[in-house]
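Colleague: Handing you a structure now.
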Amino acid sequence: MMIICVLFIIAASLSMSVGLVATSSRHLVENHFNEIEVWLNKKRAQLESTVFISYDKDGKPYPSVWYTFDDFMTALRQLSVVGVGGGELERFFYIGQTDNRGIVHGLVNVAAFLSHASVISIK
């Protein structure tokens, strides 16, 4: 899980927003995250077989023990709803919290993050 959190903080720094969530609106962000979580859970099998994988020395893929869907979702919730830092340094992973267009922008950002992470660390 620690690896996923570190990857999130490093690789997603460009897709994080400053001061997005006021305390009074955290429940709205939580609801927004829940919509994304439902969508991602519907795609869980695909994600686990194509994204959350490792490769053996012969290049054959196998389910990763370092990169897991459950750990990813835990880290995504933490970074998009709770955030990291505090005060002026508070940051959130952008899941479309501020654009009032549903979950589309959030899913695009999650896809961009996962594809970037796959290229630089998993494969």
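The numbers here are math on the coordinates, done by the rules we state, and not lab data. Remember, predicted model here, so these are calculated numbers, not experimental data. Don't worry about glycine lacking a Cβ; one is built from the backbone with ideal geometry, like all the others, and counts go over all protein chains shown.
Colleague: DSSP loop trypsin sites (Lys or Arg not before Pro) in the stretch 27-62 with at most 13 other Cβ atoms within 10 Å of their Cβ, which ones?
Modeller: When the trypsin sites (Lys or Arg not before Pro) of the stretch 27-62 are filtered for loop state and at most 13 Cβ neighbours within 10 Å, LYS43, LYS57 remain.
Colleague: Follow-up question, since we're still on this one. Please compute the length gained on full extension between THR74 and ARG44, using 0.36 nm multiplied by the number of residues separating them and subtracting their Cα-Cα distance.
Modeller: Difference between extended and current length: 9.4 nm.
Colleague: Can you list the residues, at least 5 places off or on another chain, whose amide H is less than 5 Å from the amide H of GLY96, using H built in the peptide plane?
Modeller: For GLY96, the qualifying residues are GLY106.
Colleague: To continue, here is another question. Using the Cα centre as the reference, give the magnitude of the dipole from point charges on the C-beta atoms of the stretch 34-121 (Lys, Arg: +1; Asp, Glu: -1; all else neutral), rounded to the nearest 20 debye.
Modeller: 220 debye
Colleague: R0 = 25 Å: FRET efficiency of ASP58 with ILE120, Cβ-based, nearest 0.05?
Modeller: Details: r = 22 Å, r/R0 = 0.87.
The computed FRET efficiency comes out at 0.70.
Colleague: Count neighbours as other Cβ atoms within 10 Å of each site's Cβ, and list the chymotrypsin sites (Phe, Trp or Tyr not before Pro) in the stretch 69-123 that are DSSP loop with at most 12 such neighbours.
Modeller: Answer by residue number: there is no such site.
Colleague: Under the 0.36 nm per residue contour assumption, what length would be gained going from the current alpha-carbon distance of ASN34 and ALA112 to full extension?
Modeller: Here the answer is 26.1 nm.
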